[in-house]
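S.K.: I'd like to ask you about the structure that follows.
The values are calculated or read from the model by the stated rules, or taken from the named source; none is laboratory data. Here the structure is a predicted model, which means the values were calculated and not measured. Neighbour counts are summed over all protein chains in view; Cβ atoms, including those assigned to glycine, are modelled from backbone coordinates with ideal geometry. Areas reflect the complete protein model, heavy atoms only, side chains present, ligands, DNA and RNA absent. Shrake-Rupley method; radii C 1.70, N 1.55, O 1.52, S 1.80 Å.
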Amino acid sequence: KTYTKDEIRELVKTEHVEFLRLMFTDLMGSIKNVEVPTSQLDKLLDNKLMFDGSSIDGFVRIEESDMYLHPDLSTWMVFPWGSEHGRVARVICEVYTTDGKPFEGDPRNNLIRVVDEMKAAGFTSFNIGPEPEFFLFKMDENGEPTLKLNDKGSYFDLAPMDLGENCRRDIVLELEKMGFEVEAAHHEVAPGQHEIDFKYADALEAADNIQTFKLVVKTIARKYGLFATFMPKPLEGINGSGMHMNMSLSTAKGNAFYDADGELELSETAYHFLGGLLAHARNLTAVVNPIVNSYKRLVPGFEAPVYVAWSGSNRSPLVRVPSARGNSTRLELRSVDPAANPYLAIAAMLEAGLDGIRNGMTPNDSVDRNIYSMDEKERDTNHISNLPDNLHNATKALQSDPVMKAALGDHLFQSFIEAKKLEWASYRQSVTKWERDQYLEQY
Ligand code: ADP
Ligand code: MG
Ligand code: MG
Ligand code: MG
Ligand code: MG
């Protein structure tokens, strides 16, 4: 639903909104807030609110720093939690330059651009259903996060209710107040780890939802003295947090991946999309697994994918075709983790799939047996390659792919690669506890 300017003015009055929180997302996926009192409402509605773009990671240099925020009124939402100082409404904004053009370094603008490309190719929506996982850690008396977990629970555990479970219920309630349709919420495999799944939405709305979701989870966790983290692998030796992405394309006729007469009841379009997704899987890894720590999750033994393969029956490969058909026909990419900038991740997946459709790509045969029990030779015969094993290799793969460059656009592509090279260089200089444990006494 979208609102007119007058409706927004009315809502501010009837809902007693005192502050407007203007949100956008930087290169790394962090939510940026500009908060203004409602006296600035008219300015906002006229697209005249300015901020300093040079203060934002990966945006622009000092000399071109004036930027404008254009509110997307369909994202208007009053936060359900109150504040003594009046209620706060948020609206997600598009970043514009002083000459009135959408700023190319804004990940949300870029996703809008790629979605337009998709529409030109005849599709009406790119449906995304994310499955974000996160850990809840205890906070110390200073409100700083610790690495102490507050439960020993496990997958679908029915253990007596603990703080984490109450907290998760409260998160679900807040999300529902904000219009989310929560489909499932459960304890995950690791202690202290949770998953909340909400209903799929079209690309842009799904990315906005993921950002809002993270904000709600972190906000509510604090009320319980807990710290929520979406870091992919906070603890070694136990499962990390992923954010599986379920995806499908629609046309005016419905789900474009479904064909009752197709092999596995999948359409030609689904196979071409899958072909593209697999062909670019290595190269888009840096985007969907964007930090050094992401690669500590993508290792054998912890339910995270390591090899490039797909299956219609096995749950462990990179791309799974869940068994539901009809309107729920979809592909699930299992490498994605919640550190990913959702706007960039969705743009990269969409562009990869569209490339498959444009070029009539087809995937290799599905692999329906356990890949982890194959040796290297067997994987070779089955054309199974590895995902990049660290951020350095992932960044190199990304840099080599013109389709990924098209997915991010020149500005974001360059600044993303630059930032990732710096991140790797900094990591490479660090000396870890593991190294001292291994070598200090041995040499
Ligand atoms: P899993 O079996 O992997 O745990 P879940 O049931 O937890 O999967 O999550 C499924 C996700 O897929 C939900 O977010 C759901 O809304 C989404 N989904 C369902 N149908 C579609 C579709 N056609 N396209 C994209 N996502 C879909
Ligand atoms: Mg799930
Ligand atoms: Mg699951
Ligand atoms: Mg899960
Ligand atoms: Mg899943």
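S.K.: Between the alpha-carbon centers of segment 236-250 and segment 98-120, tell me the distance in whole angstrom.
M.R.: With segment 236-250 and segment 98-120 each reduced to a Cα centre, they are spaced 26 Å.
S.K.: Just to confirm, what accessible area per residue do you get for the chain at 1.4 Å probe, in whole Å²?
M.R.: Computed with neighbouring chains in place, this is 46 Å² per residue.
S.K.: Still on this structure, I have one more. What order, most packed first, do the peptides 186-196, 85-95 have when packing is the mean number of other Cβ atoms within 10 Å of each residue?
M.R.: Ranking the peptides 186-196, 85-95 by packing returns 186-196, 85-95.
S.K.: Kindly state, to the nearest 0.05, the FRET efficiency for K101 paired with Q40, given R0 = 25 Å and r defined as their beta-carbon distance.
M.R.: 0.60
S.K.: On to the next question. Multiply the residue gap between L422 and L264 by 0.36 nm, knock off their C-alpha separation, and tell me the result in nm, one decimal place.
M.R.: 52.4 nm
S.K.: Determine the gain in length on full extension of the stretch R169-T124; use 0.36 nm per residue of separation and subtract their C-alpha separation, reporting nm with one decimal.
M.R.: 12.8 nm
S.K.: Could you please put D170, D42 in sequence from largest to smallest accessible area, using a 1.4 Å probe?
M.R.: Solvent-accessible surface, decreasing: D42, D170.
S.K.: Can I ask one more? Sticking with the crude label model, points 7 Å out along Cα→Cβ, report the distance from E144 to Y443 in nm, one decimal please.
M.R.: Label at E144, label at Y443, 3.1 nm between them.
S.K.: Ordered by packing density, taken as the mean number of other Cβ atoms within 10 Å over each peptide's residues, highest first, how do 372-385, 354-367 rank?
M.R.: Ranked by mean Cβ neighbours within 10 Å, highest first: 354-367, 372-385.
S.K.: Have a look at S241, N283, A206 and report the one farthest towards the positive end of the charge dipole of the chain, computed about the Cα centre with Cβ charges (Lys/Arg +1, Asp/Glu -1).
M.R.: Among S241, N283, A206, the one farthest towards the positive end of the dipole of the chain is S241.
S.K.: Which pairs in the list K218/K420; K253/K420; K296/K405; K223/K396 are over 32 Å apart, alpha-carbon to alpha-carbon?
M.R.: Check vs 32 Å cut-off fails for K253/K420; K223/K396.
S.K.: Name the aspartates and glutamates eligible as straight-distance cross-link partners of K13: C-alpha to C-alpha under 20 Å, and not fewer than 8 places from it in the same chain.
M.R.: The qualifying aspartates and glutamates are E35, D42, D46, D72, E84.
S.K.: Got a number for carbon plus sulfur as a percent of segment 364-409's accessible area, 1.4 Å probe?
M.R.: The value for segment 364-409 is 44 percent carbon and sulfur by accessible area.
S.K.: Going from most exposed to least, what order do Y295, Y443 have by accessible area with a 1.4 Å probe?
M.R.: The ordering from most to least exposed comes out as Y443, Y295.
S.K.: Given a Förster distance of 22 Å, report the FRET efficiency between N382 and E236 from their Cβ-Cβ distance, rounded to the nearest 0.05.
M.R.: 0.15
S.K.: Next question, about the same structure. With an 8 Å Cα cut-off and a minimum separation of 6 or more residues, compute the relative contact order for segment 161-285 in percent.
M.R.: 14 percent.
S.K.: Normalising by the residue count of the chain, find the relative contact order in percent from Cα pairs under 8 Å and 6+ residues apart.
M.R.: Computed over the chain, the figure is 14 percent.
S.K.: OK, next. List, in order, the whole-Hz ³J(HN,Hα) value for each residue of segment 351-366 obtained from phi through the Karplus relation with A = 6.51, B = -1.76, C = 1.60 and θ = phi - 60°; use x for Gly and Pro.
M.R.: After applying 6.51 cos²θ - 1.76 cosθ + 1.60, I find 5, 4, x, 5, 4, x, 5, 4, 9, x, 5, 10, x, 4, 4, 5 Hz.
S.K.: Same structure again: Report the full-extension gain for the segment S323 to E181: residue separation times 0.36 nm, less the Cα-Cα distance, to one decimal in nm.
M.R.: In short, 49.0 nm is gained.
S.K.: Mind listing P(r) for the chain? All alpha-carbon pairs, 10 Å bins, whole percents.
M.R.: Bins of 10 Å from zero give 4, 20, 30, 28, 14, 4, 1, 0 percent of pairs.
S.K.: Next question. Show me the ranking of peptides 210-219, 96-105 by mean Cβ neighbours inside 10 Å, starting with the highest.
M.R.: Descending packing order for the listed peptides: 210-219, 96-105.
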